[in-house]
Amino acid sequence: MEHQSHVSESPHRSEKKDSEVKQFDFNKLKEKPQRQITVDGDHGSMGVSDMNLLYYGKDILCLTDRSGHKTNTLPSGELNVWDICWSSFLDRFLILTPTTLHSLNVQTKKVTQIKQVSDKNKTAFRRCTCSNHTLLVSFEHRGSVVDEWDMSGEWKMMRRWQPPVSCQQNEWIFDIRFSCDGSRLGVTVWVNDQYNQVQVRDRSMNILNNITFPCHLAFGYFLLSVPSGQWLTHEWKNKALRIIDRDGILQQTLTYDKSVRTTALLGQRCLVIRTDDNELCFHDLC
């Protein structure tokens, strides 16, 4: 694994915008998946580009295409992967560990540490999300902070969002995701044994709407943004999948056939569900 200060060879690309908004039929999740593959390891981290799914297995990173065929297996270099997101701006996958950030060039299979963001003396990172040249990284502690980075040039931290703007002092940010068009943020926060909240925010972290759910586990809710402006959210290892509209209103609740760990949207039409029994299930929703 190579270590460099930044990804100097990465091309600067704008976010892709669909000419038309895709409408998803989430009721197709009640049907059997079109494809299934078995994965190794008790993990959940996944990230997607238009063509590839990158997921964390047992001490390995695996690249899979839309058909579900394993295309490549990469040693993780003992990385403890907590989150993966795709940057179309960099044309790279970004891989987050508790203390470091790395990029993966799919063509060269080269993993590069982003030293400006990485800091082994920091409080543990939790989640990452990006839109165009902006990267957000949240931290794993009560009263979570969120760092905002400019990925262009030499990587510069633009601001640090702290309580009470990032969340309340007694809350943990469990997940954070840009909407597909980059105009809004989805944030899930939780207080152990009290509540989970799914919040829709603007780019300045102002809460536009929120939904409160009961707290069943010592985990919060995961989030996935879809091109229609909706959000898919679920609790760790739960079968209930909830669809929320762009304004933060609960639209639909579905019960999946298996307990769900994480979800990802491959090629903006195929929902990939990683289940508790170590399966990747591929559902074409439009």
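The values are calculated or read from the model by the stated rules, or taken from the named source; none is laboratory data. Being a predicted model, the structure only gives us computed values, none of them experimental. Reconstructed Cβ throughout: ideal geometry from the backbone, glycine too, with neighbour counts over all protein chains shown.
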Scanning region 143-168 for residues that are closer than 18 Å to Ser103 by Cα and among the small types (Gly, Ala, Ser), the one surrounded by the most Cβ atoms within 10 Å (Cβ to Cβ) turns out to be Ser152
Of all residues in region 219-256, which are touching a residue at least 60 places away in the same chain (Cβ under 8 Å) and under 15 Å from Cys281 (Cα atoms)? Leu241, Tyr256
Here's a check for you: in region 88-133, which residue that is small (Gly, Ala, Ser) and farther than 21 Å from Thr64 by Cα is modelled with the highest pLDDT? Ser131
Which residue is nearest to Glu148 (Cα to Cα), if the candidates are limited to region 110-127 and must be hydroxyl-bearing (Ser, Thr, Tyr) and surrounded by 15 or more Cβ atoms within 10 Å (Cβ to Cβ)? Ser118
Here the residues within region 56-109 that are under 19 Å from Leu265 (Cα atoms), buried (at least 21 other Cβ atoms within 10 Å of the Cβ) and among the small types (Gly, Ala, Ser) are Ser87
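For the structure I just gave you, tell me whether Ser118 is out of contact with any Gly (no Cβ under 9 Å at 6 or more places or on another chain) and more than 25 Å from Arg184 (Cβ to Cβ). Show your work before the answer.
Working: out of contact with any Gly (no Cβ under 9 Å at 6 or more places or on another chain): yes; more than 25 Å from Arg184 (Cβ to Cβ): yes.
Yes; evaluated as a whole, the condition is true for this residue.
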Selection within region 128-142 - under 17 Å from Val165 (Cβ atoms) and either basic (Lys, Arg) or surrounded by fewer than 20 Cβ atoms within 10 Å (Cβ to Cβ) (or both): Thr134, His141, Arg142
Matching option when the condition is on the phi < 0 side of the Ramachandran plot, hydrophobic (A, V, I, L, M, F, W, C), surrounded by fewer than 20 Cβ atoms within 10 Å (Cβ to Cβ) and in contact (Cβ under 8 Å) with a residue 60 or more places away in the chain, among Met51, Met46: Met51
Mind checking which residues of region 205-255 are of a type in the set (Val, Ile, Thr), surrounded by 15 or more Cβ atoms within 10 Å (Cβ to Cβ) and assigned to a strand (DSSP E or B)? Ile207, Ile211, Thr233, Ile243, Ile244
